[in-house]
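The values are calculated or read from the model by the stated rules, or taken from the named source; none is laboratory data. On a predicted model such as this, the values are computed, not experimentally measured, just so you know. Don't worry about glycine lacking a Cβ; one is built from the backbone with ideal geometry, like all the others, and counts go over all protein chains shown. Side chains are part of the model used for accessible areas, which takes the heavy atoms of the whole protein and leaves out ligands, DNA and RNA. Shrake-Rupley method; radii C 1.70, N 1.55, O 1.52, S 1.80 Å.
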Amino acid sequence: MTYDVSITSWDGEKTFHVYGTKEGDEGVYLLQEPVGLLDADIKPVWQSTTNSVGARPISVDYPPRDLTLPFGVVDDALGASWRATEDAFRQSFSELHDSTISVTTEYGTRILKCRLFDKPNVDNKEDPATRGIVKCIYTLRAGNPMWQGEKKELTWTFTGRNFYDTITVSNPGDRPLWPQWVLQGATSVVLPDIDIEHNKNHYVTMPFQMPGQNVLVDTRPGVEEAVCAGHPMWLATVPDHFLYPIPPHTESYELPIIMNPFPFADDIMASLGLPTRIDHRLIVETAKALSGIMDGVSDTELAQLTENTLAGYIMQGLETAKTFVDNVVVEAVAAITAATIGQLLKATYNVIPSMQNQQVGLVLPVEYSRPWGMEA
């Protein structure tokens, strides 16, 4: 079974089908002996010590992917000369912006972003007009050496009842997957950062977002974790950060997602002269208990829910949650009352129905070390 290779220009305006079912339609062919299209390079780091035998592995680095791709350029099917075709193909690459290589197989389509790493080498040993073809060799570099699979986009909706819920995720790729979250204000969510491999719970409580404050969360190492327009360093005051990816070949996992029952956490704790963060365990257990309580609330009652009524339900959930956490946490929130919760809920949301129908987006950018295969 053949596979298809295409190259899309850095500006997205032109696509050249260079191998497979449509190869040469735009006058460009991928020639034999391309270098760098398959496996990503690996660089194991080993350490040896004095008087030791052998060495032990420390880590593995993944350097940028370098590609050397030979292309043949001819007059295209629409009658453009090889010079016009070669020029259009050359303009599809830039040293400042990434072009896209796409490979389509029975595994789907995977893409690799790359840019010029050196000037193209054009073979002018013979007059292209005589041969009817010119050979060009392109040297490219992909800063991210991994092939990008088709992104999965999921949506979770807060109904007014599901303060604690789950969203099903998977990672068919052979590389760790770092989730990306899209959060729309007004809201306050607790995002999971679960160590799935070792079954260890970890959460990040996001700051409260006012209406219009939309936040993009990117859990990848080395990038800004959360971006909110007009508010630099959105997570600067948050002590918790994202640590764990979804491991390779995770078939299905129920990832918890929590609508914070204490969206006013910082304000309430500060007003009580207590540390400014409510313990994650208490938030999670309160949300679980509150979800059970809200399941018994009718649609009519939910539509007419007041701050004070919701505050009472949160207090019920809080009392249940106290049995799951240690005394230090319980003492830290002992001064919280239903009246205080209701007052701060009103100040936070103004109108309770604004809490409902909030959506949280989840993007799962799957990565592979090769353009095909490597699935579980």
Round to the nearest 0.05 the FRET efficiency obtained for M233 and E13 when R0 = 41 Å and r is the Cβ-Cβ distance.
-> 0.70
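Quick one: how many lysine pairs does the chain have with C-alpha atoms less than 19 Å apart and a gap of 8 or more or different chains? Give me the count, please. Please list the in-between numbers first.
Values: K14/K22; K14/K113; K113/K151; K113/K152; K119/K135; K125/K135; K200/K288; K288/K322.
Lysine pair count for the chain: 8.
Accessible area of the range 91-169 with a 1.4 Å probe: how many percent of it is carbon plus sulfur? Provide the component values of the computation, followed by the final result.
Values: 1880 of 4120 Å².
It is 46 percent, rounded to a whole number.
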At q = 0.11, 0.13, 0.15 Å⁻¹, what log₁₀ I(q)/I(0) does a Debye calculation on the Cα points of the chain give, no solvent, two decimals?
-> -0.87, -1.03, -1.22
Pair V45, K22: separation of 7 Å Cα→Cβ label points (nm) | 4.3
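In whole Å, what three semi-axes, largest first, describe the equivalent ellipsoid of the range 42-98 built from its Cα gyration tensor (square root of 5 times each eigenvalue)? Please report the intermediate quantities before stating the final value.
Details: eigenvalues 491, 27, 10 Å².
Rounded to whole Å, the semi-axes are 50, 12, 7.
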Might you report the magnitude of the Cβ-based charge dipole of the chain about its Cα centre, with Lys and Arg at +1 and Asp and Glu at -1, to the nearest 20 debye?
-> 420
So what's Rg/Rh here for the range 93-226, counting alpha carbon atoms and using the Kirkwood radius for Rh?
-> 1.16
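Using every Cα-Cα pair within the range 152-215, state what percent have a distance larger than 17 Å. Numbers along the way, then the final one.
Numbers: 1042 of 2016 pairs.
Looking at the range 152-215, the distances longer than 17 Å represent 52 percent of pairs.
Quote the FRET efficiency, to the nearest 0.05, computed for S94 versus A303 with a Förster distance R0 of 51 Å and r equal to the Cβ-Cβ distance. Show your work: numbers first, answer last.
On the way: r = 55 Å, r/R0 = 1.07.
About 0.40, to the nearest 0.05.
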If the label point is 7 Å along Cα→Cβ of A376, which residues in the range 165-180 have backbone nitrogen under 18 Å from it?
-> 167-179
